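Starting off with a structure, shown below.
The values are calculated or read from the model by the stated rules, or taken from the named source; none is laboratory data. Predicted model only: the values in this text are computed from it and were never measured. In this analysis, Cβ positions are derived from the backbone assuming ideal geometry, glycine residues included, and neighbour counts consider all displayed protein chains.
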Amino acid sequence: MEPSATTEQAAKQNGKAEAAEATPDAGPVKPRLAAMRTLAKTDAAAAQSETWDWFQEAGKRISSDREAAIAELETLFGAGTPSEGIDGQTEGILVGFTTKPIPDRILAAITGAWMPWAGKRFDSAAGKGDNLLAKSAKWPAKLLWPFYGAKDAGERLVAFDFTTRVEEGAVDPGHDVLVIDYAPVDDNPRVIIKSIRDELVEVVPGTHLGKMLWRTGPYEDAKYHLLAFFALKTPVG
């Protein structure tokens, strides 16, 4: 007798969970992550806060201990599961750039002084969302994209809509991620925005690590390059 669809789906989910727990051994990352996940079972807010601080600390070390810091973030990303079900408004931070040492330092200095991006909003049921920007981004954005208009959303601007889906990571074969794709949205600017593909995984409950990728070549036969890591979080109990 053939197994039911429900049984097959449950087996698939269990397999993903087991794969996520099999974090590559990267020095102290594996036991520290296991401790965060154990803490999350009894104090989700504390686990989120400590993991968030961990992301930021690793990002700061990219300028001084580049290879080790990026490897640490790669290990954390590889241990995550697709951020399925993420919904509503999130708080976001840029963790760190990963292109070349000198450009990364310049970009880090600029974004350290002024970072207009504040997070993302998700509509999980519709498979779409948009980005939250500081009000101070209105005129710089207008200079860069004169024919594109961000929308007012109270304390923030919203811009650069995206679609979402779960599939294999573009630079992480065999690892499923939540893809945040700007190219299918007709209104998005072709300059920069449509060439970006974000990927997102949940590391501990409510705490997500993302990769910003740059696409080169045609959409259907593209190559992707890692530009930066970012992080998002949602309220937890």
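Just the residues that are under 8 Å from the mean Cα position of the chain (by Cα) and under 19 Å from residue 63 (Cβ atoms), please, taken from segment 212-237. Lay out the reasoning, then the answer.
Step one: list which residues in segment 212-237 are under 8 Å from the mean Cα position of the chain (by Cα), which gives 212, 229-232.
Hits for segment 212-237 are 212, 229, 230, 231.
Does residue 34 count as touching a helix residue (DSSP H, G or I) at 6+ places or on another chain (Cβ under 7 Å) and either at pLDDT below 95 or farther than 24 Å from residue 101 by Cβ (or both)?
On the way: touching a helix residue (DSSP H, G or I) at 6+ places or on another chain (Cβ under 7 Å): no; either at pLDDT below 95 or farther than 24 Å from residue 101 by Cβ (or both): yes.
Considered against the rule, which asks whether it is touching a helix residue (DSSP H, G or I) at 6+ places or on another chain (Cβ under 7 Å) and either at pLDDT below 95 or farther than 24 Å from residue 101 by Cβ (or both), residue 34 comes out as no.
In addition: From 128, 135, grab the single residue that is under 18 Å from residue 156 (Cα atoms), in contact with a strand residue (DSSP E or B) (Cβ under 9 Å, 6 or more places away or on another chain) and not β-branched (Val, Ile, Thr).
Working: 128 fails: under 18 Å from residue 156 (Cα atoms).
Only one candidate passes the filter, namely 135.
Check 143, 94, 73, 157 and return the single one that is over 19 Å from the mean Cα position of the chain (by Cα) and modelled with pLDDT of 95 or more. Reasoning before the result, please.
Numbers: 143 fails: modelled with pLDDT of 95 or more; 94 fails: over 19 Å from the mean Cα position of the chain (by Cα); 73 fails: over 19 Å from the mean Cα position of the chain (by Cα).
Answer to the check: 157.
Same structure again: Within the bounds of segment 136-151, is there any residue that is within 30 Å of residue 31 (Cβ to Cβ), of a type in the set (A, V, I, L, M), out of contact with any Cys (no Cβ under 9 Å at 6 or more places or on another chain) and outside any strand (DSSP E or B)?
In the first step, residues of segment 136-151 are kept if they are within 30 Å of residue 31 (Cβ to Cβ); the result is none.
For segment 136-151, residues within 30 Å of residue 31 (Cβ to Cβ), of a type in the set (A, V, I, L, M), out of contact with any Cys (no Cβ under 9 Å at 6 or more places or on another chain) and outside any strand (DSSP E or B): absent.
Given the conditions (1) under 19 Å from residue 164 (Cβ atoms); (2) out of contact with any Lys or Arg (no Cβ under 9 Å at 6 or more places or on another chain); (3) surrounded by 13 or more Cβ atoms within 10 Å (Cβ to Cβ); (4) free of Cβ contacts under 8 Å to residues at least 40 places away in the same chain, which single one is not true for residue 124?
Result: residue 124 passes all but (4).
Filter segment 68-117 for residues that are hydrophobic (A, V, I, L, M, F, W, C), part of a helix (DSSP H, G or I) and within 19 Å of residue 52 (Cβ to Cβ) and give the result.
Quick first cut of segment 68-117, residues hydrophobic (A, V, I, L, M, F, W, C) only: 68-71, 73, 76-77, 79, 86, 93-95, 97, 102, 106-110, 113-115, 117.
Going one step further and asking which of them are part of a helix (DSSP H, G or I), we end up with 68-71, 73, 76-77, 79, 102, 106-110, 113.
Correct list: 69, 70, 73, 76, 77, 79, 108.
Which of the residues that make up segment 191-223 are part of a strand (DSSP E or B), surrounded by fewer than 18 Cβ atoms within 10 Å (Cβ to Cβ) and not polar (S, T, N, Q)?
Of the residues in segment 191-223, the ones part of a strand (DSSP E or B) are 196-204, 207-216, 223.
Adding the requirement that they be surrounded by fewer than 18 Cβ atoms within 10 Å (Cβ to Cβ) leaves 214, 216, 223.
Within segment 191-223, 214, 223 meet the criteria.
Okay, next question. Among the residues of segment 183-190, are any polar (S, T, N, Q), assigned to a loop (DSSP other than H, G, I, E, B) and more than 27 Å from residue 66 (Cβ to Cβ)?
yes
Residue 79: more than 27 Å from residue 134 (Cα to Cα), in contact (Cβ under 8 Å) with a residue 60 or more places away in the chain and over 12 Å from the mean Cα position of the chain (by Cα), yes or no? Quick ask: steps written out before the conclusion?
Values: more than 27 Å from residue 134 (Cα to Cα): yes; in contact (Cβ under 8 Å) with a residue 60 or more places away in the chain: yes; over 12 Å from the mean Cα position of the chain (by Cα): yes.
For residue 79, the condition - more than 27 Å from residue 134 (Cα to Cα), in contact (Cβ under 8 Å) with a residue 60 or more places away in the chain and over 12 Å from the mean Cα position of the chain (by Cα) - is met.
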